[in-house]
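Inspection log for the structure reproduced underneath, given as structure tokens.
Taken together, the values in this text are just the output of simple stated rules run on the coordinates, not laboratory data. These numbers were taken from a predicted model, which means no experiment stands behind them. Counting neighbours? That spans all protein chains shown, and the Cβs are built from the backbone with ideal geometry, glycine included.
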Amino acid sequence: MSDFNDDVQELVANGWELNADSTRLEKEFVFANFVAAFGFMTQAAIWAEKLNHHPEWSNVYKTVNVGLTTHDTGGLGELDVKLARKMDAIAG
């Protein structure tokens, strides 16, 4: 089993950013158009529901900005890592 900090660093290497106090992962996804962005959000929403872990996100035209944190613990958790990986896989 991999170390949580290694998992987070792997996500950072894949374009995710940590906020200043390392309690939130953030990433901007840019798609070809609005339909592709909305499709990404739809697929990600299904996984968020399955994991019972919901992102903070916004969409403007073809851009989706995502923030992941675990409010219950006040920082990052395993579900943030799992959802971030799913989102990367969906985005291709």
Give the angle, between 0 and 90 degrees and rounded to the nearest 10, that separates the Cα long axis of helix 4-13 from the longest principal axis of the Cα atoms of the chain.
40
Which whole-number percentage describes the relative contact order of the chain, with Cα contacts under 8 Å and a sequence gap of 6 or more?
31
Select one label from (i) 0.95; (ii) 1.03; (iii) 0.99: the one whose number is Rg/Rh (Cα atoms, Kirkwood Rh) as derived from the coordinates shown.
(i)
Net charge (Lys, Arg +1; Asp, Glu -1) of residues whose beta-carbon lies under 13 Å from that of Asp3, Asp3 excluded, is -4
Comparing Ala36, Ala13, Ala44 in a Gaussian network model of the chain (Cα, 10 Å), the one with the largest mean-square fluctuation is Ala13
Computed for the chain: size of charge dipole around the Cα centre, +1 on C-beta of each Lys and Arg, -1 on C-beta of each Asp and Glu, debye to nearest 20, value 460
Given points 7 Å out from each Cα along the Cα-Cβ axis, report the Glu56 to Asn33 separation in nanometres with one decimal.
3.2
Within region 1-29, find all residues whose amide N lies under 13 Å from a label point positioned 7 Å from the Cα of Ile90 along Cα-to-beta-carbon.
29
Net charge of Cβ neighbours under 12 Å - reference Trp16; Lys, Arg +1; Asp, Glu -1
-4
For Leu76, other-chain or 5+-apart residues with amide H closer than 5 Å (H placed, Pro excluded) are Thr70
Can you tell me the 0 to 90 degree angle between the C-alpha axis of helix 78-91 and the longest principal axis of the chain, rounded to 10?
30
How about the chain: which chymotrypsin sites (Phe, Trp or Tyr not before Pro) there lie in a loop by DSSP and see at most 14 other Cβ atoms within 10 Å?
Tyr61
Where Lys and Arg each count +1 and Asp and Glu each count -1, what net charge lies around Thr69 among other residues with Cβ under 9 Å from its Cβ?
-1
When the helix-only estimate is applied to the chain (DSSP H runs of n ≥ 4, each -39,500 (n - 2.57), divided by the residue count), what is the mean residue ellipticity at 222 nm, nearest 500 deg cm²/dmol?
-14500 deg cm²/dmol
